[in-house]
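Engineer: Below you'll find the structure I mean.
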Amino acid sequence: MHRMGSAHVISRRWTALVMIGAFAVFGALGCAERITSVDPSFTTVEGVPSPSQLVVFADLPNQGYVYRDTLESGPSNGDYLLEVRDFYTFGPGVVRGMIFDYTPAAAYQVFRRTGNGGFQQIRDFRLTEKKQWVDSQSELYTFFDTTPASWPSVTYVGRGVVADAVTPSSPLTNVADVVLADVDTVHYEGERFPSDSLFTIEWLPVAGAAGYWLQVYQLRADLRTFNERALSGAPAPIYADKATDLLVAYVPAPFTSYQLGTAGPPGTRVLHRRQTFFNFQYVVRVSAVGSSGELLAYTGENSDVAVQLFADETYIVYPIGGVVVSPTADLDPGPNRQGASRAGISARAIEPMLPDLRIVPRAALRLP
């Protein structure tokens with residue numbers, strides 16, 4: 001598959017990141033609270049540190065590659081690249097955040113450090129939960145900041161609201177930093193067609209990682225629009241929208257593997273776990289985060305891809321943000337098992353309502 005040069009892509013992403021506040025999307029996204037001045041002595045948000053984890057990251061696009069279909073339907077060596085499209089969740093210059101909460105909080109406030117060193121609340125309303133994982137009594141809160149700052153790094157902290165009140169004992173997240181850097185790639189090393197439905201997730205270590213977020217999921221049938229499907233592969237610790245989660249877990253570094261159904265290495269936190277079965281396809285995403293709560297890498301650039309076919313004899317190829325793993329009960333334990341399993345790949349379990357969309361292993365993508 002033809003790709004734009006990596007230096008050009010990174011340059012364009014850096015340009016997008018430093019265009020902070022230079023776009024007019026405030027009406028659509030909602031405006032941050034307008035505070036004319038921030039007390040420079042307010043350098044610490046009142047509350048008590050908690051285990052809750054804040055991850056922050058720039059809103060980077062998922063890139064789609066549009067091809068002219070010249071031979072058989074779908075990717076083949078005779079096709080040629082027409083254009084590259086960027087799919088943003090919000091837009092260039094926006095900072096996104098995810099709070100994985102393990103406290104009694106029912107809502108969250110988010111604060112950003114300003115130029116004079118003080119903290120400022122970025123919204124005049126509280127965040128409500130995006131997802132709830134009952135088994136572990138944990139929740140996910142998400143936020144975005146359209147006007148973060150104009151310096152190379154931005155600092156955030158979250159504070160929980162318990163019983164509709166903020167007190168000196170309110171739970172605090174870690175202090176997290178967004179830096180102007182591209183999100184790197186996590187290289188998946190696990191078996192794609194395991195003979196055990198409780199398969200092992202394996203990946204290569206990422207330099208500077210404090211830990212790794214793991215997600216095993218299937219895209220839901222109500223993920224219908226093209227933009228929604230493309231955005232499911234965008235850089236993020238987990239895909240937090242229209243997905244059915246089978247696993248959400250955090251594994252601390254230096255560990256680089258986790259077997260489903262186990263407690264995991266010391267320090268592992270399993271937020272959600274459901275049974276996985278043979279002959280189903282699951283998307284597995286692995287994301288690396290640094291000690292300052294920054295997203296370092298995820299299974300993006302080397303993930304499997306979606307191929308969306310169009311009626312005008314074109315198609316678009318874009319990363320799905322993870323790799324497809326299909327546990328396979330196979331009577332043949334020999335070397336042919338992987339090849340036989342590979343022949344059964346389809347998008348049916350992942351996209352049951354979309355016959356014009358295919359999930360293709362990146363290694364099998366036939367493009368010049």
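Engineer: Restricting attention to the stretch 18-73, which residues are surrounded by fewer than 13 Cβ atoms within 10 Å (Cβ to Cβ), at pLDDT 80 or above and not in a loop (DSSP other than H, G, I, E, B)?
Structural biologist: The one that is surrounded by fewer than 13 Cβ atoms within 10 Å (Cβ to Cβ), at pLDDT 80 or above and not in a loop (DSSP other than H, G, I, E, B): P49.
Engineer: With respect to S257, is the statement that it is in contact (Cβ under 8 Å) with a residue 40 or more places away in the chain and closer than 30 Å to D79 by Cα true?
Structural biologist: Against the criterion (in contact (Cβ under 8 Å) with a residue 40 or more places away in the chain and closer than 30 Å to D79 by Cα), S257 does not qualify.
Engineer: Only one of V175, V157, V161 is open to solvent by 20 Å² or more (accessible area, probe 1.4 Å) and modelled with pLDDT of 95 or more. Can you tell me which?
Structural biologist: Residue meeting the stated conditions: V175.
Engineer: In the stretch 110-119, how many residues are assigned to a strand (DSSP E or B) and open to solvent by 20 Å² or more (accessible area, probe 1.4 Å)?
Structural biologist: Residues flagged as assigned to a strand (DSSP E or B) and open to solvent by 20 Å² or more (accessible area, probe 1.4 Å) within the stretch 110-119 amount to 1.
Engineer: Now, a different point. Among the residues that make up the stretch 87-105, is at least one of them at pLDDT 95 or above and surrounded by fewer than 16 Cβ atoms within 10 Å (Cβ to Cβ)?
Structural biologist: yes
Engineer: I would also like to ask the following. If you go through the stretch 124-144 one residue at a time, how many are open to solvent by less than 20 Å² (accessible area, probe 1.4 Å) and of a type in the set (F, W, Y)?
Structural biologist: 3
Engineer: Which members of the stretch 178-200 meet the condition of being buried (at least 19 other Cβ atoms within 10 Å of the Cβ) and part of a strand (DSSP E or B)?
Structural biologist: V178, Y188
Engineer: Next question, about the same structure. For Q132, only one of the following conditions fails: (1) touching a residue at least 12 places away in the same chain (Cβ under 8 Å); (2) in a strand (DSSP E or B). What is its number?
Structural biologist: The one condition Q132 does not meet is (1).
Engineer: Quick check on my filter: what residues within the stretch 206-249 are out of contact with any strand residue (DSSP E or B) (no Cβ under 9 Å at 6 or more places or on another chain) and hydroxyl-bearing (S, T, Y)?
Structural biologist: Passing the criteria: only T225.
Engineer: T147 - would you say it is open to solvent by 30 Å² or more (accessible area, probe 1.4 Å) and not aliphatic (A, V, I, L, M)?
Structural biologist: It is true that T147 is open to solvent by 30 Å² or more (accessible area, probe 1.4 Å) and not aliphatic (A, V, I, L, M).
The values are calculated or read from the model by the stated rules, or taken from the named source; none is laboratory data. This structure is a prediction, so every number in the text was calculated from the model and none was measured. Don't worry about glycine lacking a Cβ; one is built from the backbone with ideal geometry, like all the others, and counts go over all protein chains shown. To get the accessible areas, we keep the full protein, side chains included, count just its heavy atoms, and leave off ligands, DNA and RNA. Shrake-Rupley method; radii C 1.70, N 1.55, O 1.52, S 1.80 Å.
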